[in-house]
1. Can you tell me how many residues within the range 28-45 are within 11 Å of residue 124 (Cβ to Cβ) and modelled with pLDDT of 95 or more?
2. Sort out for me the helices (runs of 4 or more DSSP H) sitting completely within the range 289-403 that have 3 or more residues that are touching a residue at least 24 places away in the same chain (Cβ under 8 Å) and under 30 Å from residue 251 (Cβ atoms).
3. Step by step: first the residues of the range 275-288, then only those that are among the aliphatic types (A, V, I, L, M) and assigned to a loop (DSSP other than H, G, I, E, B), then the one that is surrounded by the most Cβ atoms within 10 Å (Cβ to Cβ). Which residue is that?
4. Being of a type outside the set (D, E, K, R) and either in contact (Cβ under 8 Å) with a residue 40 or more places away in the chain or farther than 30 Å from residue 169 by Cα (or both) narrows it down to one of 111, 131, so name that one.
5. I'm checking my understanding of the structure. Among residues of the range 205-252 that are modelled with pLDDT of 95 or more and among the polar types (S, T, N, Q), which one is nearest to residue 124 (Cα to Cα)?
6. Pick from 317, 341, 311, 306: which is assigned by TED's automatic domain parsing to the domain that holds residue 437 and either in contact with a strand residue (DSSP E or B) (Cβ under 6 Å, 6 or more places away or on another chain) or among the basic types (Lys, Arg) (or both)?
Amino acid sequence: MDATISTTNALQRAAVLVAAPASGQGKTTVAAALARLHTRQGRTVRAFKCGPDFLDPRWLALATGAPVHSLDLWMTGEADCRRRLRIAAESADLVIVEGVMGLFDGDPSAADLAVRFGLPVLAVIDAHAMAGTFGALAWGLQSFGPGLPWAGTLANRVASERHAGMLKDALRDSSQWMGALPRGADFALPERHLGLVASDEMGDAMARLDAAADALALTPLGQLPIDRLPQASFAFAPPQPAETCAPLLKGRTIAIARDAAFSFIYPANLEVLAALGARLVFFSPLAGDPLPACDALWLPGGYPELHADALARCEGLRAGLWAHVDAGKPIWAECGGMMALFDELVTADGTVHPMWRLLPGRVTMQKRLAGLGPQQLDIEGPGAHTLRGHTFHYSTCETTLPPLARTARPGADAAVGTRAGEAFYVHGSIRASYFHAWFASSPEATARLFGDAPIEAAHG
């Protein structure tokens, strides 16, 4: 452990990391239900999401009433994770971390996070088509890796009380039975191609969470008093560089598109821009808002493909964007934000939509993932100017623009060719990529994205 981490002022709090053997088992439903259940009882709950994700955190934020940050030992870093967990523990009665994919999937995995911070694992297993194998899965998850803190196992999508009894009997240790949630559409969280449907797009989102919380309240897990829930110790951690960075963007106003088409925004990224001294203003292209007066613009990721008709009709905004670029003011366009800047967007049904025509070429939606995984981008050299982040998209890009650089997978060489990662385009004052950046990994590089100085990269 780092010598700067104090163990003498550690805080004990109820805590659980909700994990599963695979994606689609119901982790978000259970994590949000547990958060909603205790929030309704007047407790302060803080939730986190393991790994890069923009959609699950919105359900957790709805359940807790507080922002939800990502924890990732590579992308955000151990020190940032430790600091955020400690801050949460200082005000919360319960800390919940939702895992990512399967418990041991990825490097680092949710299991790595649980071991590193002593977070007891609650395994959620979709048991709709199994009986005795449920016990084997639970035992395998608990015993596969050394030193894994364990809270118990909860069955999801269970057919009946008899079925639940069979599942409980299959466990080697029945005391680890945390109960069963039934099959039921009243609290199922709907999905589409990038993951869960965002909570703010559903009029019955809170009703679904309340129904899930009601179901969880009938289980052994839901009936445990707060002092009987699994506990974790949260050590003191010093402030991180992103909290004390130089005000490199002081005096600059950054406009940020934010609506259903451009919603993939980490709350921590907004914190970094504010710490850099920027003034943040938000606008909605879908609502017909013009581009606000600003020195720089951020077009984050989202779902432009679901709103292509509306975005194509944003004539006033398009003119404002052209004037912004003609004035040499920077734009950072990230994934979906970049898609809207190309000449055309082809949706999954083959319809061609004219976009904002600031970048030459077209993007085309695919039926399969076209990019997935952790990535990093070196701007003006490695080290302090390396932005970490990830990529996750279903579209491909055809353009005559040569990439200024390419992102790299962790531990890979960004110069090895197109398989190294995502293209990073610089076209006039536009900086664009499918890459989603975690700004806290390099406030200096972030400032360069939104600054007036020409962008250079370590790899061409």
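The values are calculated or read from the model by the stated rules, or taken from the named source; none is laboratory data. Small disclaimer: the values here were computed from a predicted structure and weren't measured. For neighbour counting, all protein chains shown are included, and Cβ atoms are generated from backbone atoms with ideal geometry for every residue, glycine included.
1. Matching residues across the range 28-45 total 4.
2. Of the helices (runs of 4 or more DSSP H) lying wholly inside the range 289-403, those with at least 3 residues that are touching a residue at least 24 places away in the same chain (Cβ under 8 Å) and under 30 Å from residue 251 (Cβ atoms) span 315-326, 336-341.
3. Once the filter is applied, the top-ranked residue is 278.
4. 111
5. 219
6. 341
Okay, residues lined up against (1) more than 21 Å from residue 449 (Cα to Cα); (2) crowded, with 20+ Cβ neighbours inside 10 Å; (3) in contact with a Lys or Arg (Cβ under 8 Å, 6 or more places away or on another chain); (4) at pLDDT 95 or above:
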{"site": "299", "(1), (2), (3), (4)": "no, yes, no, yes"}
{"site": "306", "(1), (2), (3), (4)": "yes, no, no, no"}
{"site": "319", "(1), (2), (3), (4)": "yes, no, no, yes"}
{"site": "349", "(1), (2), (3), (4)": "yes, no, no, no"}
{"site": "361", "(1), (2), (3), (4)": "yes, no, no, yes"}
{"site": "383", "(1), (2), (3), (4)": "no, no, no, no"}
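Table: residues versus (1) assigned to a strand (DSSP E or B); (2) over 26 Å from residue 387 (Cα atoms); (3) not polar (S, T, N, Q).
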{"site": "84", "(1), (2), (3)": "no, no, yes"}
{"site": "111", "(1), (2), (3)": "no, no, yes"}
{"site": "128", "(1), (2), (3)": "no, yes, yes"}
{"site": "138", "(1), (2), (3)": "no, yes, yes"}
{"site": "141", "(1), (2), (3)": "no, yes, yes"}
{"site": "155", "(1), (2), (3)": "yes, yes, yes"}
{"site": "163", "(1), (2), (3)": "no, yes, yes"}
